[in-house]
Structures are given as structure tokens and as C-alpha cells.
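Everything on this sheet refers to the single structure shown next.
Quick note: the coordinates plus some simple rules give every number you see, no bench work behind them. Bear in mind that the values here come from a model prediction, so they are computed numbers and not experimental data. We place every Cβ from the backbone using ideal geometry, glycine too, and count neighbours over all the protein chains shown.
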Amino acid sequence: MSPLHQLLLADRRLPPAARSSEARVEHINLTVSDPERTSAMLQAVFGWRERWRGLEPDGRIGLHVGGEHSYVALYPPRPPAKAEVWAKSRPLNHMGVEVTDLAAAEGRVTAQGLKPYAHADYEPGQRFYFEDWDGIEYEVVSYS
């Protein structure tokens, strides 16, 4: 590998896919009862921002919340006539999010009125879980 190629791969400003051939999760799409509320919680807990907002053909507003290289798509339930056609991914086990300061993240979770549980220290890190208002479970992990 050339020195220039090594330098480019080490440049953290490049998207992860350009630095490595390893596949990565680019987004997760969730159906939630209140996308605005879930968006606000994700922004408060993880420091993410709203990346996109748009109107679906059936009139639902979708939101994308995340960082530079990945996001969570949030949509309200589909109208009843289409709900069963689009019902997928049952069950979703949980969504894992890595943070650098686990205690600070836990404080932000409790500030949202949500309850952390199942704290654990394990090799190579620490973690806890919480559920949002729709029963979606989040694993918050730190390897710091």
C-alpha cells in the first residue's frame, strides 16, 4: 500500500466506507408513535441532529436523526389499510449506540424520563439498556 493510500485511510474525515472495506450500518428505520418526540430524545441523549425531514406519498412525515455517517429514520405508523402490508422486523431486539461517556449518556436518558437497566461491565466495555415510549430497546455501550 502506498504512503498516500495509508494517509488517506487514516484520515478520520473520510466516511468510514472510504477508510475500510468493512461494511457498516448506514441507517436503521423505525416506526414510532411520535417521531418528533423520539427525535428529540435521540438528539438529547446522543447529541445527534436532524439530518432530513420529508413527506411520504401517504402523507406521513419522516425524520432522519443522526451524525455525519449514520442515522435513524423515524416514521409514524402507516394508515390502517397499509399497516399489515408493511409490518416487518418483528421482533427488533435492540439498537446499539456507542458513546464515549457512559455516565453522561445515562444522565441524559433519565432526564428524558426513561429508566436505564441491565448495567454491565464486560470485556471490552460497559453498557446499559433503556426502552423508549414505544418499547424500542436501546443498548448504550462504551469502550473508553
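Modelled this way, with points 7 Å down the Cα-to-C-beta line, the labels at Ala111 and Ala40 are 1.4 nm from one another. Histogrammed with a bin width of 5 Å, the alpha carbon distances of region 25-142 distribute as 2, 10, 21, 23, 20, 13, 6, 3, 1, 0 percent, first bin at zero. Computed from the Cβ-Cβ distance with R0 of 30 Å, the FRET efficiency linking Glu123 to Arg24 stands at 0.85.
For a quick check: sort Glu36, Glu56 by the number of other beta carbons within 10 angstrom, fewest at the front.
Ordered by Cβ neighbours within 10 Å, fewest first: Glu56, Glu36.
Taking amide H as placed 1.01 Å from N in the peptide plane, Val32 has its amide H under 5 Å from the amide H of Tyr75, each at least 5 places away in sequence or on another chain.
The label point for Asp134 and the one for Glu68, both projected 7 Å from the Cα toward the Cβ, are 2.8 nm apart.
What net charge do the residues around Trp133 carry, taking every other residue with its C-beta under 14 Å from that of Trp133, with Lys and Arg at +1 and Asp and Glu at -1? Once positives and negatives cancel, what remains is -4.
For region 48-56, the Karplus equation 6.51 cos²θ - 1.76 cosθ + 1.60, evaluated at θ = phi - 60°, returns couplings of 7, 10, 6, 9, 7, 9, x, 9, 7 Hz by residue, with Gly and Pro reported as x. If R0 is 25 Å, the Cβ-Cβ spacing of Ala104 and Ser33 corresponds to a FRET efficiency of close to 0.40.
The HN-Hα couplings worked out from phi for region 139-144 by the Karplus form 6.51 cos²θ - 1.76 cosθ + 1.60 (θ = phi - 60°) are 9, 10, 10, 9, 10, 6 Hz, whole numbers, x standing for Gly and Pro. Sorted fewest first by neighbouring Cβ atoms within 10 angstrom, Thr31, Thr110 come out as Thr110, Thr31.
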